[in-house]
Amino acid sequence: MKLIRPAVLALVIAGAFFYFTTWRSNAKLAAGNPVGWFSHPAQVEITEASGGEALDSEEQNNISVYRKNIPSVVNITSRAMTFDFFYGLVPQEGQGSGFVIDKEGHILTNYHVIADARQVEVTLHNRKKYKATVVGTDPAHDLAVIQIKATELVPAVLGDSRNLQVGQKVYAIGNPFGLAGTMTRGIVSSIRPVREPNGATIDEAIQTDAAINPGNSGGPLMNWHGEVIGINTMILSSVNQNAGIGFAIPINTAKAVLNDLMTLGRVRRPALGVRTIPISAELADEIGLPADYGLLIVQVTPGGSADQAGLKGGTERAYLGNIPIMLGGDLIVAIDGQKVEDEQDLSQMMNNHRAGDTVKVTIFRNKKKMDVSVALGEAREQV
């Protein structure tokens, strides 16, 4: 009897605790919601946005640029053979981008996209695939033209890469990581010379923060009108993916060599046929030149374009440090009205021309300023 009473008391206490803490609370919930906490209501009520929201002007322009250019952008697959120590020759596949430049099926892309390829395949935006032929290559500028036999092609509109401004909007379309038809947007971050991994230098490369990744190479960089102003070519990244620093070849550099690439398969690099030294204010004062900048002609190539136009090289032997030079030649200060201060300026101007073009060279000869028309020759080892 003594053991039964404590047991009964414990049961009473436990029952009271359960009643007030669990059963009573559930009963109240059931009274407010007869079907229980987890229910299946007859109608779901959600908050929806009002329909028909208009796109703003910026969004409309983004869409317009994409729709205008996406039919012109292609995916390029290249297949090459590489040597493996254990397996010998093994196939290797790479991907890049490009864009159609005429209705005859010519496509502009990067040289490194198709370099050493035994087979090149192009996939259009409509997913049709075509075998491509390499028409011309320019490794020095990382450019190449390939061609496919297809109908109803939509050529891209080539713009002008002169006078680009840091801060203006740009768009990139390509196939990053094989994701065809991808568009990204950014701005022109800078205009600067850049050296590519193969050693080639891009004069006035367009730096942009528009997302560029492996597979974008060869694709177009466009302005807000949808005109191509550059060819996306490389990124600066330690992880081989976008880090906000990408570079594009100016479209004017490509336009200057397209005719040679499509007709000759190579580029006839233009040249003045001169050897020069850059002039500083200090050197100009020391040797008595009429301008404190420019390129002093120390030698003209016999029979070259400068020689045929009447430009003069140096006749007085002197030394620049330990280097022997010839003084007394013409001082080049401008070409086609654009100021020339060093060899890089001259190289950039040559990149915008091709062999056979005629340029107006402004010089000082014996302190007399004059203009000379020069028909550019084909470069060998000099500009």
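Nothing in this text is a laboratory measurement; each read-out follows from the coordinates by a stated rule. Since the model is a prediction, treat every value here as computed from it, not as a measurement. Using ideal geometry, Cβ is built from the backbone for each residue, glycine included, and neighbour counts are taken over all protein chains shown.
When you filter the trypsin sites (Lys or Arg not before Pro) in the stretch 148-240 for DSSP loop state and at most 11 other Cβ atoms inside 10 Å of their Cβ, you are left with 149, 162. Candidates 78, 249, 144 compared by Cα position along the dipole of the chain: farthest toward the positive end lies 78, with charges placed on Cβ.
Its alpha carbons give the stretch 75-233 an Rg and a Dmax of 15.9, 53 Å. Counting only residues at least eight positions apart within a chain, or on another chain, the aspartates and glutamates with an alpha carbon under 12 Å from that of residue 68 are 227. Residue 369: which aspartates and glutamates have alpha carbons under 17 Å from its alpha carbon, excluding same-chain residues fewer than 8 sequence positions away? Reachable aspartates and glutamates: 292, 330, 336, 341. Computed from label points 7 Å out along Cα-Cβ, the spacing between residue 119 and residue 292 is 6.4 nm.
So which of 169/360; 312/339; 131/169 end up more than 30 Å apart, counting from Cα to Cα? Going by Cα-Cα distance, 169/360; 131/169 fall outside the 30 Å limit. Note on residue 323 and residue 154: the model spin-label points, each 7 Å out from Cα along the C-beta direction, lie 5.2 nm apart. Note on the chain: the alpha carbon radius of gyration divided by the globular reference 2.2 N^0.38 Å gives 1.63. Peptides 324-337, 243-256 ranked from most to least packed by the mean count of surrounding Cβ atoms within 10 Å: 243-256, 324-337. Evaluated at 10 °C with a viscosity of 1.306 mPa s, what Stokes-Einstein diffusion coefficient in µm²/s does the stretch 107-189 have when Rh comes from the Kirkwood expression over alpha-carbon pairs? In µm²/s, the coefficient is 106. For the stretch 272-383, the equivalent ellipsoid built from the Cα gyration tensor has semi-axes of 21, 15, 13 Å, listed from largest to smallest. Once the gyration tensor of the Cα atoms in the stretch 218-319 is diagonalised, the equivalent ellipsoid follows with semi-axes of 39, 22, 13 Å, ordered largest first. Using 0.36 nm per residue and subtracting the Cα-Cα separation, the extra length available between residue 140 and residue 367 on full extension is 78.0 nm. Across the stretch 252-269, coupling constants 3J(HN,Hα) worked out from phi with the 6.51/-1.76/1.60 Karplus curve, θ = phi - 60°, read 5, 5, 6, 4, 5, 10, 4, 4, 5, 4, 7, 9, 10, x, 8, 10, 8, 5 Hz, and Gly and Pro carry x.
Projecting the Cα positions of 280, 299, 270 onto the charge dipole of the stretch 251-383 (unit charges on Cβ atoms of Lys, Arg, Asp and Glu, taken about the Cα centre) puts 270 furthest along the positive direction.
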